[in-house]
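The values are calculated or read from the model by the stated rules, or taken from the named source; none is laboratory data. Just so you know, these numbers come straight off a predicted model, no measurement behind them. A quick note on method: Cβ atoms are made from the backbone with ideal geometry, for glycine too, and the neighbour counts reach across all protein chains shown.
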Amino acid sequence: MNVSLTWGRVLHEPAPRAEWERLTQDDPFEGRAIEAVRRGDAGSYDYLVSKYSKRVVSIAWGIVRNAHDAEDLAQEAFVKAFQNIGRFKEGEPFGPWIYRIVTNLALDVVKHRSRFRHEELTDVQPAARRDDAELGAVTSELATRIDQAIESLPENQRVVARFYLVEQFDHAEIASMMGLSEGTVRSHLSLARKKLKEQLADLYGASDD
Amino acid sequence: MTDDKFFERLRDDARPLRYEGDDFLATRIAARVREQIARPQTVAQLLVAWMRPLAASVAALLLTVTLGLTWTQRHQEPTDSLTSNPIEIAMAGETFGVD
């Protein structure tokens, strides 16, 4: 049975799939939960929220860098997905969809914030303090240095680098989540890599040998 | 170290930076979402949902009528001005009108 399933996948989906996408498609409960929600059983939505909430909050936090905002955004994303579940394509994994929704919401917040910061400079300091406090959970000095280096990158490079390095998404997944082409994602990553290598030269060595 | 190798190692080292939240994060989010999707819509929200497409249709209709009237008026103006303001020429005490 397992063999035929594996061969079926190989024949029908020759392109390599990302690990998380494969996992979501291999979860029979997920498909059933989506179907139940579409039929009007709101209680089944709990399964999807419980399964994805940690990752969704982490994605939002990586962009907005504030735990309270990240949780609000995760909630908003799940509610939005629930209200639009009728538009969700049958058989597709739920993960990429909810990740895309929360990414868009979080990017909107950052855009709004950067516009606002130009006008009200006093808001910058409390925000920065909150970020530092949340980083306190990260005990490793190496991780802290990496985090600071990623945060120093320009906005698009920062988000792409965080998705690639921290959230471990691949190029295609990042492109889909941010509405960019894969080429643009690769270009942002290439620029980010160059800057990160310079900034972390004392940790990783700068020579090309 | 090559760029690729550097990025590979960096990717391994950056993994712990993923935000985990506290032990109750998933439960908290699930409860908040459940509460929000179970909450019935307020009268105001229902009205907004019904009125928004209606308002958009009325606005589109008004715009079409305004544009149509403006266009019609512009194209009628030369004839109107000729008929309402007949040309009069006065010469040697006599007045001649041109219709």
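Quick notes on this structure:
- Within the range B:1-14, residues that are within 7 Å of chain A (Cβ to nearest Cβ) and farther than 16 Å from A:Ile150 by Cβ have Cβ atoms under 8 Å from residues that are of a type in the set (Ser, Thr, Tyr) and in a helix (DSSP H, G or I) in these pairs: B:Met1/A:Tyr204, counting only partners at least 6 apart in sequence or on another chain.
- Residues (of a type in the set (D, E, K, R) and within 7 Å of chain A (Cβ to nearest Cβ)) located in the range B:29-52: B:Arg32, B:Arg34
- Qualifying residues in the range A:14-34 (those that are in a loop (DSSP other than H, G, I, E, B) and either among the aliphatic types (A, V, I, L, M) or within 27 Å of B:Arg15 (Cβ to Cβ) (or both)) - the one modelled with the lowest pLDDT: A:Ala15
- The set of residues from the range B:53-92 being surrounded by 10 or more Cβ atoms within 10 Å (Cβ to Cβ) and at pLDDT below 85 comprises B:Gln76, B:Glu77, B:Asp80, B:Leu82.
- The residues in the range A:153-170 that are outside any helix (DSSP H, G or I) and either of a type in the set (A, V, I, L, M, F, W, C) or surrounded by 19 or more Cβ atoms within 10 Å (Cβ to Cβ) (or both) can be counted, and the count is 3.
- Residue within the range A:103-119 that is modelled with pLDDT under 90, over 21 Å from A:Phe169 (Cβ atoms) and within 14 Å of another protein chain (Cβ to nearest Cβ) present: no
- Residue list for the range A:35-79, filter: part of a helix (DSSP H, G or I) and more than 10 Å from chain B (Cβ to nearest Cβ): A:Glu35, A:Ala36, A:Arg38, A:Ser44, A:Ile63, A:Val64, A:His68, A:Asp69, A:Leu73
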